[in-house]
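Visitor: Below you'll find the structure I mean.
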Amino acid sequence: RPDSSDNYSLPSGHSSDAFATATVLTYQYGWRAGIWAYPLAGFVALSRISDNKHWLSDVVSGAFLGSWIARAAVYRPQVLMNRNQNEINWQLLPVAASQMSGLQLQISMP
């Protein structure tokens with residue numbers, strides 16, 4: 001870290017949280033919510049740099065991860081059609097737990 005508090009440099013959790021929140025608000029309430037949510041998230045990210053808690057690369061990677069994970073959480077699944085023309089809904093979600101991590105595929109059929 002820039003302030004030498006430890007030797008570990010990881011993606012910024014504050015930036016990740018802020019950009020995840022901005023992404024969810026934008027998906028749920030439209031682009032008008034994004035007009036104020038993303039600049040506020042950027043302010044949080046820049047404050048981590050100005051407080052000497054993270055490097056620029058930590059903040060950028062945290063913002064990317066937060067946006068990507070939030071998008072995966074609120075993504076509207078595409079509809080596939082089977083032979084009977086019934087809808088099959090699917091969703092791919094990231095999974096993280098203390099002893100494992102990976103992707104989960106959810107499929108719902110009529």
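The values are calculated or read from the model by the stated rules, or taken from the named source; none is laboratory data. The model shown is predicted, which means the values in this text are computed figures rather than measured ones. Here Cβ is always computed from backbone atoms with ideal geometry, including for glycine, and neighbour counts include all displayed protein chains. Surface areas here come from the heavy atoms of the whole protein model, side chains and all, with no ligands, DNA or RNA. Shrake-Rupley method; radii C 1.70, N 1.55, O 1.52, S 1.80 Å.
Visitor: Sort out which residues of the range 20-37 are open to solvent by 60 Å² or more (accessible area, probe 1.4 Å) and among the aliphatic types (A, V, I, L, M), and write them in order of number.
Guide: Ile35
Visitor: Given the structure, is Gln91 at pLDDT 80 or above and over 30 Å from Asn7 (Cα atoms)?
Guide: yes
Visitor: If you go through the range 57-75 one residue at a time, do you hit one that is modelled with pLDDT of 90 or more, loosely packed, with under 13 Cβ neighbours inside 10 Å and not basic (Lys, Arg)?
Guide: yes
Let's see how each residue does on (1) at pLDDT 95 or above; (2) more than 11 Å from Val59 (Cα to Cα); (3) outside any helix (DSSP H, G or I):
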{"position": "Arg1", "(1), (2), (3)": "no, yes, yes"}
{"position": "Tyr8", "(1), (2), (3)": "no, yes, yes"}
{"position": "His14", "(1), (2), (3)": "no, no, no"}
{"position": "Phe19", "(1), (2), (3)": "yes, no, no"}
{"position": "Gln28", "(1), (2), (3)": "no, yes, no"}
{"position": "Ile35", "(1), (2), (3)": "yes, yes, no"}
{"position": "Tyr38", "(1), (2), (3)": "yes, yes, no"}
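Visitor: Cβ-Cβ distance below 9 Å, separation of 6 or more or different chains: which pairs start in the range 53-75 with a residue that is in a helix (DSSP H, G or I) and end on one that is basic (Lys, Arg)?
Guide: Cβ pairs passing all conditions: Asp58/Arg1; Asp58/Arg48; Val59/Arg48; Gly62/Arg48.
Visitor: Looking at the range 1-19, I want the residues that are crowded, with 17+ Cβ neighbours inside 10 Å and have a partner that is of a type in the set (D, E, K, R) with Cβ atoms under 6 Å, at least 6 apart or on another chain. Which pairs are those?
Guide: These pairs meet every condition: Pro11/Asp58; Ser12/Arg48; Ser12/Asp58; His14/Arg48.
Visitor: If you don't mind, another one. Quick one: Leu40 ticks every box in (1) on the phi > 0 side of the Ramachandran plot; (2) open to solvent by 40 Å² or more (accessible area, probe 1.4 Å) bar one, so which box is it?
Guide: Leu40 satisfies every listed condition except (1).
Visitor: Across the range 43-56, what is the number of residues that are among the polar types (S, T, N, Q) and open to solvent by 80 Å² or more (accessible area, probe 1.4 Å)? Break it down stepwise before answering.
Guide: Start the filter on the range 43-56 by keeping residues that are among the polar types (S, T, N, Q), which leaves 47, 50, 52.
Next, only the ones that are open to solvent by 80 Å² or more (accessible area, probe 1.4 Å) stay: 50.
Here the count works out to 1.
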